Structure formats: C-alpha cells, structure tokens
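So the structure is just underneath, and the comments pick up after that.
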Amino acid sequence: MVERHREIVLRVAARIVGEDDVEDIAQDAFLRAYHRLGRWRGDGPFRTWLLHIAHNAAVDAVSSRHVASVPLDQPTHELPDAVDRTPAARLEASERLRRLDVKLKALKPSHRTVLVLRDVEGLSYEEIAAVADMPLGSVKARLHRARGEFIDALRHNTYDWALPR
C-alpha cells in the first residue's frame, strides 16, 4: 500500500502542510488507513479513499499548527529542458514559481485543495469530492471560484503571466 501510493500522498500532503511536515503527515495517513482498512467499503477506488484520509490528516495538521504549503519550486515541477537552459533562465523560472506559490498560498484552503487536486494531481471531480468529502456540485463551484481567484491574483503581475484583462 505504501510503496504504490506514497508519491501521490506525499504530493497532496505537501501542498497542504508544507515540505517540512509532509513525511509525518504521510505516515499518519498510512497508519490511519491501515487501522481503518476494515471500514473501506470498496465502492470506489482505494486511491481516492486513501487520499481522503491523507487530506484529512493534512487539514488537521494545518488547523492545529497553522503550517504553510510547500513551495512550487520543488524538483518535480522543474521543466524537462531545465538542464539545457542558461543559469539566468533557470533563476527566472525559479523566481516565477516562487511568486506563483505565493499566489497559490493566498487562496482559501478549500480553494487551494480543489485546485491542486484537479489541476496539479489530475484527479477527477468525483475523486476530489470523495477526497475532500464534499458534494460534486461543491467541488465544481469551488474549483470555478478558485480558478477565477487564482487568475485574478495572477493578473496583478502581468510581467510574469501576461494574462488578458
């Protein structure tokens, strides 16, 4: 279970709690899942059920510790051709990702959660509803509002994004 789902649990938890606490949250999520295996009904994908547990563990940690989310300039987000780019271009890309992370952190946690699960992790609306424990309509509405809020935040820095107004 851990080997198969470790990477996605770490990514989802990192987006919510930050890099420093991600291992603890992932371990907590896997322990919770292990102890609750008997409760899994099998009516949906196991990954969705596990991510629901990981999401709740991360949200609990944020609520109790007020932890910031992980920066987006982690190696997993580096562009494939990054080694071919000049140091100045890599520095500029890194700075853009840092500013993007600041804008992402400014979103409400519920908006950030659905945005990351859909647009970064690629989960379906149904999977997000199960992970975040909310109705499908709420997922779609929050995602719509999150994207609008995020785009509006990006428009305030047209140097980086050149979005139309």
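Coordinate-derived values only; no laboratory data. Quick caveat: nothing in here was measured; it's all calculated off a predicted structure. Here the Cβ positions follow ideal geometry from the backbone for every residue, glycine too, while neighbour counts run over all protein chains shown.
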Worksheet item: How long is the stretch 2-65 along each principal axis, judged by its Cα atoms, biggest number first, in Å?
Response: 32, 22, 16
Item to complete: Could you calculate the contour length gain from Leu37 to Glu23, that is, 0.36 nm times the residue separation minus the distance between their Cα atoms, to one decimal place in nm?
Response: 3.0 nm
Discussion item. Could you tell me the calculated FRET efficiency between Glu7 and Arg98, based on Cβ-Cβ distance and R0 = 30 angstrom, to the nearest 0.05?
Written reply: 0.85
Worksheet item: How do Ile53, Ile16 line up, fewest other C-beta atoms within 10 Å first?
Response: Ile53, Ile16
Item to complete: Quick one: order Leu10, Leu123 by neighbouring beta-carbon count within 10 Å, fewest to most.
Response: Leu10, Leu123
